[in-house]
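The values are calculated or read from the model by the stated rules, or taken from the named source; none is laboratory data. These numbers come from a predicted model, not from an experiment. Positions of Cβ are generated from backbone atoms using ideal geometry, with glycine treated the same way; all protein chains shown enter the neighbour counts. Each accessible area value is taken on the protein alone, full model and side chains, heavy atoms only, with ligands, DNA and RNA left out. Shrake-Rupley method; radii C 1.70, N 1.55, O 1.52, S 1.80 Å.
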Amino acid sequence: MTSVEQSKNSSGSGPSSVRRRRSSWLTKRAFDLVAVGVTIPFWVPLVLVLALVVRWRLGSPVFFRQQRPGRGERVFSLIKFRTMKDTRGVDGNLLSDAERLTAFGRFLRGSSLDELPELWNVLKGEMSLVGPRPLLVHYLPRYNALQRRRHEVPPGVTGWAQINGRNALSWDEKFALDVWYVEHRTFWLDLRILFLTLWKVVARQGISAPGDATMPEFFPPNSTPTRES
């Protein structure tokens, strides 16, 4: 039996296991709605203020939207604050992340304030407060069977990988932590992750990969890595 098959079998597939997973998902969804809804008076004014500052410092558009795969690999439109300029070289192509990322953009990323608009994705049910971070759509064909399990749960604003290294982790380490979360997720684990996320944001840890402004593009083993534009 392969490790993937063992992992699937350990998670259970009978009626009782299905009921437990459904109950867990409903609890998670209820918590997301209550937590985001109750804090609307705090985060909505902050989003409005930041939108004005982003418009002043970086121009239009204020929001960065990109298609990302969610639970069951269903694609949705992720929304974040813009952190980069659209500066292009003489060839017409966008410059590197490091060249387009401004000091203000680094502040937004380092403080995770660029992620605040994703709470709208949470309200819509496209994301959860806690889960594997939604990655790029064109990564989907590159995952192996075990890595693909990260899409068994809704993607999160924060997650197990984010509090265990964030972008300072290798891709293999990130995916291993994502799958661990899928297999061990509980309401109490989510609360722990949310609490530790606050500490990581204050400590400003793991904001970028070593030698990168953000994170190098994911390629399977034996592929030639490039950098995201």
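A few points about this structure:
- Just one of the listed residues (Ile193, Ile207, Ile163) is out of contact with any Cys (no Cβ under 7 Å at 6 or more places or on another chain) and at pLDDT 95 or above, and it is Ile193.
- Qualifying residue in the range 53-71 (condition: assigned to a loop (DSSP other than H, G, I, E, B) and of a type outside the set (Gly, Ala, Ser)): yes
- Picking from residues in the range 167-189 that are assigned to a helix (DSSP H, G or I) and either touching a Cys at 6+ places or on another chain (Cβ under 8 Å) or more than 21 Å from Pro69 (Cα to Cα) (or both), the one that is most open to solvent (accessible area, probe 1.4 Å) is Trp188.
- Each residue in the range 47-59 was checked for being open to solvent by 70 Å² or more (accessible area, probe 1.4 Å) and either closer than 20 Å to Phe195 by Cβ or touching a helix residue (DSSP H, G or I) at 6+ places or on another chain (Cβ under 9 Å) (or both), and 1 of them qualify.
- Condition met for Phe63 (without any contact (Cβ under 8 Å) to a residue 24 or more places away in the chain, farther than 24 Å from Leu177 by Cβ and either crowded, with 20+ Cβ neighbours inside 10 Å or under 20 Å from the mean Cα position of the chain (by Cα) (or both)): no
- Of the residues making up the range 111-130, those that are part of a helix (DSSP H, G or I) and β-branched (Val, Ile, Thr) number 1.
- Contact annotation: residue pairs with Cβ atoms under 6 Å, 6 or more positions apart or on different chains, pairing a residue in the range 148-166 that is part of a loop (DSSP other than H, G, I, E, B) with a partner that is of a type in the set (A, V, I, L, M, F, W, C) and open to solvent by 10 Å² or more (accessible area, probe 1.4 Å), are Trp160/Leu177; Ala161/Leu177.
Let's see how each residue does on (1) open to solvent by 20 Å² or more (accessible area, probe 1.4 Å); (2) at positive phi; (3) among the hydrophobic types (A, V, I, L, M, F, W, C):
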{"site": "Val130", "(1), (2), (3)": "no, no, yes"}
{"site": "Pro134", "(1), (2), (3)": "no, no, no"}
{"site": "Tyr139", "(1), (2), (3)": "no, no, no"}
{"site": "Ala145", "(1), (2), (3)": "yes, no, yes"}
{"site": "Arg149", "(1), (2), (3)": "no, no, no"}
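- Flag: Leu108 does not match the condition of being open to solvent by 30 Å² or more (accessible area, probe 1.4 Å) and in a helix (DSSP H, G or I).
- The range 86-105, residues that are of a type outside the set (A, V, I, L, M), open to solvent by 60 Å² or more (accessible area, probe 1.4 Å) and touching a residue at least 60 places away in the same chain (Cβ under 8 Å): Asn93
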